[in-house]
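What follows is calculated from the coordinates using simple rules that are stated; it is not laboratory data. A quick note: this is a predicted structure, and the numbers were derived from the prediction, not measured. Glycine gets a Cβ as well: all are built from the backbone with ideal geometry, and neighbour counts include every protein chain shown.
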Amino acid sequence: MYRIAHIGDLHLESKKPEDYSLAIGLFTCMQKLKANHIVVAGDISHRGEEEVFLYIKEGALTSGHKISSELSVVIGNHDLPGRHHYQNYFGKTFGTRILREGRIKLIYLDSTKPSSGEIFNHSGELNQEMMFFLEQELKVPPEVFIIVVMHHHLLDVDGDITEEMQKNPLDLPFVGNFGPLENAASVLELLEKHRVALALCGHTHHITSEIYGNQLIISTAGAHGKHIKLYEFDEHNKMESKLLKVCTSCNGLGVDYDEDAESDDEVVACADCEGCGYEEQ
Ligand SMILES: [Zn+2]
Ligand SMILES: [Zn+2]
């Protein structure tokens, strides 16, 4: 079994240290879920502060908490003021990772528009350089499972705003406020042509999982560390996904993973924080 965990939009700020503990809980939780690889789909910081990138890279992931899962962080519009800090700690803003001895290829892309200059410009695109890079990297043998990751979403968000969301404006999905990636149509066409099966996004603060065309699953991760999406690959590289709700009383440290839950069903958070019930199969 190979596992990829997908989160996004943590929006961490140095003046809110309580959010750091949420991040530790979340990363520890993903470690307990035996995630081989963790994908953070952008907006890990709220204002691109160096402290946040440093904290995630050096604090939560290495010396402090010994999280051994590999990590891929894509850049989001809120990270843009700290673009050079991001590059210092995480390297280039786009690239590839070869996972599971080459059976899975993760292509991560920069969908931000740096020229727009300010963090609350929500529009994104894959520019010419990104499209060329993507097209080149999509040329792989058919048995390789490709995952494409970018911050901006690929489909219009269509969802209901609940009362609970209204209590916390940060939880509001950006329904109707703005559309998806500006050139989403040509990106989707390219992904379809190359039979890509999974695209992981963030930005909308809304949890979605939609099928486009014949097989492309487009998934957005939600925000503020409340959920984890887990993709499990069996020995034949066949994928199943689960949505895990993070326990709010223990910040994820006691997440209860129901192995028998139907794919894509939300697994209820633990009631008693007695630790993660997950056992390797
Ligand atoms: Zn965000
Ligand atoms: Zn965003």
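Structure notes:
- Cα gyration tensor category, rounded, prolate or oblate, for the stretch 189-244 with a/c compared to 1.5: oblate
- For the stretch 178-235, trypsin sites (Lys or Arg not before Pro) meeting the loop criterion (DSSP other than H, G, I, E, B) and having at most 15 other Cβ atoms within 10 Å: R195.
- Virtual spin-label span in nm between K193 and N237, 7 Å along Cα→Cβ: 2.2
- Order of M130, M150, M30, M1 - criterion: other Cβ atoms within 10 Å of each residue's Cβ, fewest first: M1, M130, M30, M150
- By definition, a body whose alpha carbon gyration tensor gives a ≥ b ≥ c is oblate when a/c is 1.5 or more and a/b is not larger than b/c, and the stretch 1-113 fits this oblate description.
- Extension reserve of the Q215-K139 stretch, reckoned as 0.36 nm per residue once the Cα distance is removed: 25.6 nm
- Peptides 39-45, 76-82, 240-246 ordered by average Cβ neighbours within 10 Å, highest first: 39-45, 76-82, 240-246
- Filter on K15/K229; K32/K242; K105/K139; K16/K113; K34/K242; K139/K193 - keep pairs with C-alpha separation over 18 Å: K15/K229; K16/K113
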